Amino acid sequence: MDQVFPVNDYGPIMPGLVMAGVAIVHVFLAQFAVGGGVLLCYFQWLAMTGRDPHARQFVSGYFKLLVLISFVLGALTGVGIWLTAIQISPATIGSMVDHFHWLWATEWTFFCLEIVSGYSFYRYHSRLNDRAAMTLLAIYAAASWMSLFIINGILSWQLTPGRWLETHNVFDGFFNPGFWPSLFFRTIVSLTLAALAACVVTNMMPSLNRGARRSLINRAALMLVPMVLMPGLGIWFLAVMPADSRSWVLGGSPAMMLFLNIAIGSSMAIGAYAIFGMVMQRLYINSATASLLLMLAFGATAGGEFVREGSRKPYSIRYVLYSNAIRPDQVARLRDIGCTSDDPYGLRNDSMYPDDQVRLGAKVFRRQCSVCHTVSGTNAVTELTGAWDQNQMRLNFAKLQHTKPFMPPFAGTAVELESLVQFINWSSDPQATRPHAGDSDPGTLGQIEAWLQEAGTAPGNFEQNHKRH
């Protein structure tokens, strides 16, 4: 039997939101570090060639911010991602490490090089000549970008595995259809974040007059020019996405469409101000405006990461693993033996459940629903099913992948499905009198079994639903 892992319970907070909160902050900081390395090389070159008399002072001040933010908070949130991901979806992380362990190890090597070169510059740059300082910055920039290069390949594989599904070749998975548009897009985002942070740092340097600040800001603004390529890269990425994933973000899922619009709107606002104001008109930008633009960039990052994660539904790894850590080829088997048959973990506060049927339903919920839903908190099943009667719940759960095609099919027996319905009913009103256990009603179980048979064990087909008569 396949190993079953426990899922950490965060109470009323959806587990995915816990991981998302950590991941979005980390992605934002990591991309800032990548762009920061490139920007520092540019300003070090300005200092070496005498093109800007204040560039050397800027390099020193900016790198202190880069170290404080990316080395400290970036490292902490990086560890936080692993911690929360292992608690929420260990099967997903295990599969990624299993298939790409040598690439993970290579990325860690680049990360170590990034830390060593960055710390060396921070500690000794005042004693180094210009050439040595540039060498350290170039190593730092190259190592941080290579870290992005490798991580991007593994993350994009989750959505667009491409030929890897047939060959299982590591490089077919790594250089998947989504690799290049995602890499170019993230690189431009990194340069954008670094340039906006440069505007904030410049305004925090009291020794500079307004003219000196304007000069540095105009130099940093050149890093924003590649933003003109972002619409084309976004369209490219949408084009290589699976058709059903693309349908989620273009209207199939209101939440994903909303976050996509947030990302697009924030990016367009930043891009328009950057190109027409900062680059073409060479406007001076004060710390308040720079901070506002940086906050918009954080919003765009959050929206983009939500879409990237959500568009994989119903999978955590496309065609390999559902979001609830059940593999597509397991569903038929679990329909026969039950999804709780190989679950060795007891329930927390087992004695609070009124009977064995509700107790079984709690285990079914934990196995199949708890990664994305809570009982009565964020994205709660009691709220989502609040307008359904019991028969509607039975039908909709039995045909779950057709009820909502971004949900995986129900992977359990008719008895387990009925127990899940009764668990949700009891959770909605624990004080209500419990009726006689429904799992003893052959008619109810027979109807559920018929619905399960009609639904099949394959994932939902969004395009097929549009062709129904």
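Given the structure, is residue 210 charged (D, E, K, R) and buried (at least 16 other Cβ atoms within 10 Å of the Cβ)?
So residue 210 does not fit the description; no.
Please determine, by comparing only the residues of the stretch 235-256 that are in contact with a Pro (Cβ under 8 Å, 6 or more places away or on another chain) and modelled with pLDDT of 90 or more, which one is surrounded by the most Cβ atoms within 10 Å (Cβ to Cβ).
Across the stretch 235-256, the extreme among qualifying residues is 237.
Just to confirm my filter: which helices (runs of 4 or more DSSP H) fall fully inside the stretch 99-207 and include at least 1 residues that are in contact with a strand residue (DSSP E or B) (Cβ under 7 Å, 6 or more places away or on another chain)?
Because the criterion is at least 1 residues that are in contact with a strand residue (DSSP E or B) (Cβ under 7 Å, 6 or more places away or on another chain), the helices (runs of 4 or more DSSP H) in the stretch 99-207 that meet it are 130-159.
Out of (1) touching a helix residue (DSSP H, G or I) at 6+ places or on another chain (Cβ under 7 Å); (2) assigned to a helix (DSSP H, G or I); (3) surrounded by fewer than 22 Cβ atoms within 10 Å (Cβ to Cβ); (4) not acidic (Asp, Glu), the odd one out for residue 40 is which?
Residue 40 satisfies every listed condition except (3).
Which of the residues spanning the stretch 416-442 are in a helix (DSSP H, G or I), of a type in the set (Gly, Ala, Ser) and at pLDDT 75 or above?
Result: 419, 427, 428.
Just to be sure before I move on: is residue 95 buried (at least 21 other Cβ atoms within 10 Å of the Cβ), within 24 Å of residue 152 (Cβ to Cβ) and not β-branched (Val, Ile, Thr) in the structure I sent?
Spelling it out, it is not the case that residue 95 is buried (at least 21 other Cβ atoms within 10 Å of the Cβ), within 24 Å of residue 152 (Cβ to Cβ) and not β-branched (Val, Ile, Thr).
Checking residue 363 against (1) closer than 18 Å to residue 316 by Cα; (2) in a helix (DSSP H, G or I): exactly one of these is not met. Which one?
Residue 363 satisfies all of (1) closer than 18 Å to residue 316 by Cα; (2) in a helix (DSSP H, G or I) except (1).
Return yes or no: is residue 87 surrounded by fewer than 19 Cβ atoms within 10 Å (Cβ to Cβ) and of a type in the set (S, T, N, Q)?
Values: surrounded by fewer than 19 Cβ atoms within 10 Å (Cβ to Cβ): yes; of a type in the set (S, T, N, Q): yes.
Spelling it out, residue 87 is indeed surrounded by fewer than 19 Cβ atoms within 10 Å (Cβ to Cβ) and of a type in the set (S, T, N, Q).
Restricting to the stretch 77-114, what's the tally of residues that are modelled with pLDDT of 90 or more and β-branched (Val, Ile, Thr)?
5
Is it the case that residue 63 is crowded, with 21+ Cβ neighbours inside 10 Å, in a helix (DSSP H, G or I) and in contact (Cβ under 8 Å) with a residue 12 or more places away in the chain?
Considered against the rule, which asks whether it is crowded, with 21+ Cβ neighbours inside 10 Å, in a helix (DSSP H, G or I) and in contact (Cβ under 8 Å) with a residue 12 or more places away in the chain, residue 63 comes out as yes.
Please specify each residue of the stretch 237-269 satisfying the condition of being under 18 Å from residue 161 (Cβ atoms) and not small (Gly, Ala, Ser).
So in the stretch 237-269, the residues under 18 Å from residue 161 (Cβ atoms) come out as 237-246, 248.
Matches in the stretch 237-269: 237, 238, 240, 241, 242, 244, 246, 248.
Which of the residues belonging to the stretch 443-469 are over 12 Å from residue 398 (Cβ atoms), modelled with pLDDT of 60 or more and assigned to a loop (DSSP other than H, G, I, E, B)?
Across the stretch 443-469, the qualifying residues are 458, 459, 460, 461.
Residues of the stretch 116-135 being more than 16 Å from residue 55 (Cβ to Cβ) and either surrounded by 21 or more Cβ atoms within 10 Å (Cβ to Cβ) or small (Gly, Ala, Ser) (or both), which ones?
Passing the criteria: 117, 118, 120, 132.
The values are calculated or read from the model by the stated rules, or taken from the named source; none is laboratory data. What you see is a predicted model, and the numbers here were worked out from it, not measured in a lab. Reconstructed Cβ throughout: ideal geometry from the backbone, glycine too, with neighbour counts over all protein chains shown.
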